[in-house]
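Below is one structure, written out as structure tokens; the observations come after it.
The values are calculated or read from the model by the stated rules, or taken from the named source; none is laboratory data. The model shown is predicted, which means the values in this text are computed figures rather than measured ones. Cβ atoms come from the backbone with ideal geometry, glycine included; neighbour counts cover every protein chain shown. For accessibility, only protein heavy atoms count, side chains too; no ligands or nucleic acids. Shrake-Rupley method; radii C 1.70, N 1.55, O 1.52, S 1.80 Å.
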Amino acid sequence: MKPEREALRKFQKMNSRVLRDRFGLELNPTVFFTSAGLILLFVIVAVIWHEQMEGTVAVMQQTISRHIGWFLVTVMNAVLVFSLVLLFSRFGKIRLGGSDAEPEFTTMGWLAMLFSAGMGIGLVFWSVAEPVSHLATTPHSDPFTPGAARDAMQLTFFHWGLHPWALYAIVGLSLAFFSYNRGLPLTIRSVFYPLLGKKIYGPIGHMIDMIAVVATFFGIATSLGFGVQQITTGVEHVFGLEQTALVQIILIALITVIATMSVFLGLDGGIRRISEINLYLAGSLLLLVFILGPTLFILNSIGPNIGSYIQDFIRLSTWMETYENEGWQIDWTVFYWGWWIAWAPFVGMFIAQISRGRTIKEFILGTLFVPTGITFIWLTVFGDSAIHHELLGEGGLSEIVSQDISMALFALLETFPFGKITAFASILVIVLFFVTSSDSGSLVIDVLSSGGHTDPPVIQRIFWAVLEGIVAAVLLVGGGLAALQTAAITTGFPFAIVVLLMCVGLYKGLARRTEEEVEEGERVSRPSKTPPGAVGKISVPDKGRGWVVLEWDKPEDGGEVAAYRIRRRKADDKDTWHMVAMTLEESAALFHIDGPGTWQYQVIAVNRSGEGQASEAVEVKYEARGEKKPPSPNNPKQH
């Protein structure tokens, strides 16, 4: 048996059959328990040494930011350049899922989901607070001047613009390519296969996934903490309930319960419906502020904001505050870059899951530019409304923001008619963003900690959702906003190293594709070699909740094998085969099953001209959750 095949089977068996059979769990024990243990250790230390935590957090934030800020800036710039290189490269024609794969969602539906992935609690929190803060303390202009207003929107656009979406695009593309085109598990470790080979199934792979889990967890907890701060402020503003640590903890508990109910309802019945409702609410709030606010001023601001962002893009991207040494960049840019990096596995995996059938060029164009454009519209409506009030209106927002940054949005809404109504609507939007972030975030973390299973048991997602709420509460009580910022920067740093290596792994993986795949089925100009024969019998050595492992033997006759294509169809669909993966060297691969039913798989060994023979089809029956017990440890061949 080939080492790659042995490594893949060992990796799947690592998802302990004892846990699966006795407790109904689907997880990688090493990744799950180590990651959860580290997070719980943080909670225990923070609770025991609560009084010392605030001072420690402040020291950590300054120390880490000053020493690794340059590295985070370099990583974000490198990722953006790499994404643009891929956009215009010969790899742009590669289709995620194989040349026969078709998109699962309409283009408009896909773009809407891309926007919803980035439109979260953070954008609602900072869309007013950041421009007003920059207006008062911009590093490049005198405060409260037209130049400061221009810089405020320019810097806000910079932090929410192309850089974070390039990061999400690269992480999402890496996950999608190696899962859909190479048949590897949907985890971060799979991207490192070109660099590490079968070692991704061992301790090094576990460490990569653990870094991703911890970074994602604290990135989500940071966003939830911002959300709770703003919710408690809004509740006090609308209902007069005083802000206290106890109120924050109670609100976190209540919203976490709602998120847990969403988990029970499932993706279709829970998070999808809540996301759709919230998208309408957020759009209505945006439209209301546009109409009630300085409409003409907003319309006149969109063009100059985008133009200013483009004109100074290179200067902003390479600015390091080397000569000023004022600490502004540490508080803003370095924090944002660390936060986005910590969020990258979460958003990247979501994008990967909805992007099968898209070409790489289409993927990057959609992910990089469409959400950025919509985000710019949101920031212009809210940010320029606040700036107009400060420069041309009654003013006073900057003083409020300096005292309580979470009050920024509600202070702005109070200046419009129906202020209490819009404030209540904004609270509801933030609560629903909290629920969707917690639910979808716990799903992503669970997929990463379970070896790439896309349909893990509900109880595991509930565990992560509850733990996210607990950590958000601990961070808020232990250090407030500074603690949230420090958590994002600290966990973002190690994953930044992973992101750089992901770029290398993705490029090597793309470069090793056959010319037939890169050119969308066009014949290469050189004479084709003798086609390989059919592969040997396909076997199904293991399967679980939502995944199946296939194994096959090399052809015994015919020409040299350049790659293996794997295709599948529903057993009752005798006409349509769908390409699901293409692998260059393994004789075993893991695939995710889309739903209950009987599926047929074929493996085709092809030469460099794409010629080959299809194997006999093998059937895999996958039943709905709870209808069939997992294989018994005493009879591992039972399926």
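With the full set of protein chains in place, find how many percent of the accessible area of region 346-482 is carbon and sulfur; take the probe as 1.4 Å.
Numbers: 2570 of 3700 Å².
With neighbouring chains kept in place, the figure for region 346-482 is 69 percent.
Describe numerically, in nm with one decimal, the distance between label points set 7 Å from Cα along Cα→Cβ at LEU392 and at LEU281.
3.2
State, to one decimal in nm², a quarter of the convex hull surface area for the C-alpha atoms of region 375-446, i.e. the direction-averaged projected area. Before the final figure, lay out the partial values.
Values: hull surface 24.4 nm².
Average of the hull's projected areas for region 375-446 equals 6.1 nm².
For PHE105 and ASP572, FRET efficiency with R0 = 22 Å and r from the beta-carbon atoms, rounded to 0.05?
Values: r = 24 Å, r/R0 = 1.08.
With R0 = 22 Å, the Cβ-Cβ based efficiency is 0.40.
Starting from the amide H of PHE416, placed 1.01 Å from N in the peptide plane, find each other amide H under 5 Å away whose residue is 5 or more places distant or on another chain.
Answer set, sorted by chain and number: none.
Calculate the tail of P(r) for region 226-380: the fraction of all Cα-Cα distances greater than 20 Å, expressed in %. Write out the running numbers ahead of the final one.
On the way: 8615 of 11935 pairs.
More than 20 Å apart: 72 percent of the Cα pairs in region 226-380.
Arrange the peptides 435-442, 103-110 so that the one whose residues have, on average, the most other Cβ atoms within 10 Å appears first.
Working: 435-442: 26.8, 103-110: 13.9.
So the peptides 435-442, 103-110, ranked by packing, come out 435-442, 103-110.
How much accessible area per residue does region 242-370 have, counting only protein heavy atoms and a probe of 1.4 Å, in square angstrom?
Details: 5980 Å² over 129 residues.
That works out to 46 Å² for each residue.
Give me the accessible area per residue for region 132-211, probe 1.4 Å, as a whole number in Å². Display every interim value, and only then the final one.
Working: 1870 Å² over 80 residues.
Here the per-residue accessible area is 23 Å².
Note down the nm distance, to one decimal, between modelled labels 7 Å out along Cα→Cβ at THR63 and at ILE44.
With each label point 7 Å from Cα toward Cβ, the separation is 2.2 nm.
Report the rotationally averaged projected area of region 270-314 based on its alpha-carbon convex hull, in square nanometres. List each step's numbers first, then the result.
Working: hull surface 18.8 nm².
Computed as one quarter of the Cα hull surface, the answer is 4.7 nm².
Evaluate the charge dipole of region 274-370 about its Cα centre and quote only its size in Debye, nearest 20, assuming +1 on the Cβ of each Lys and Arg and -1 on the Cβ of each Asp and Glu.
Numbers: 4 positive and 7 negative charges, 106 e Å.
The dipole of region 274-370 has a size of about 500 debye.
Inverting the mean 1/r over all pairs of different Cα atoms, compute the Kirkwood radius of region 157-243 and quote it in Å.
On the way: mean 1/r = 0.0632 Å⁻¹.
Hydrodynamic radius (Kirkwood, Cα only) of region 157-243 equals 15.8 Å.
Highest first, please rank the peptides 156-166, 302-312 by the mean number of other Cβ atoms sitting within 10 Å of their residues. It would help to have the intermediate numbers written out before the result.
Working: 156-166: 23.5, 302-312: 15.5.
Averaged packing, sorted descending, gives the order 156-166, 302-312.
Expected output is a single nm value to one decimal: the length gained when fully extending between VAL540 and ASP557, i.e. 0.36 nm times separation in residues minus the C-alpha distance. What is it?
Numbers: separation 17, 0.36 × 17 = 6.12 nm, distance 2.32 nm.
Length gained between VAL540 and ASP557: 3.8 nm.
Whose amide H sits under 5 Å from the amide H of GLN613, counting only residues 5 or more places off or on another chain, with H placed in the peptide plane?
ALA605
For the peptides 360-370, 338-348, what is the packing order when you average, over each peptide's residues, the other Cβ atoms within 10 Å and list the highest mean first?
Details: 360-370: 20.5, 338-348: 28.8.
Descending mean neighbour count gives 338-348, 360-370.
Suppose the Debye formula is applied to equal point scatterers at every Cα of region 332-398; what is log10 I(q)/I(0) at q = 0.27, 0.28 Å⁻¹?
Values, matching the q order: -1.14, -1.15.
Whole-Hz Karplus ³J(HN,Hα) for region 292-298, in order, using 6.51 cos²θ - 1.76 cosθ + 1.60 and θ = phi - 60°, x for Gly and Pro?
Along region 292-298, the couplings run 6, x, x, 4, 5, 4, 5 Hz.
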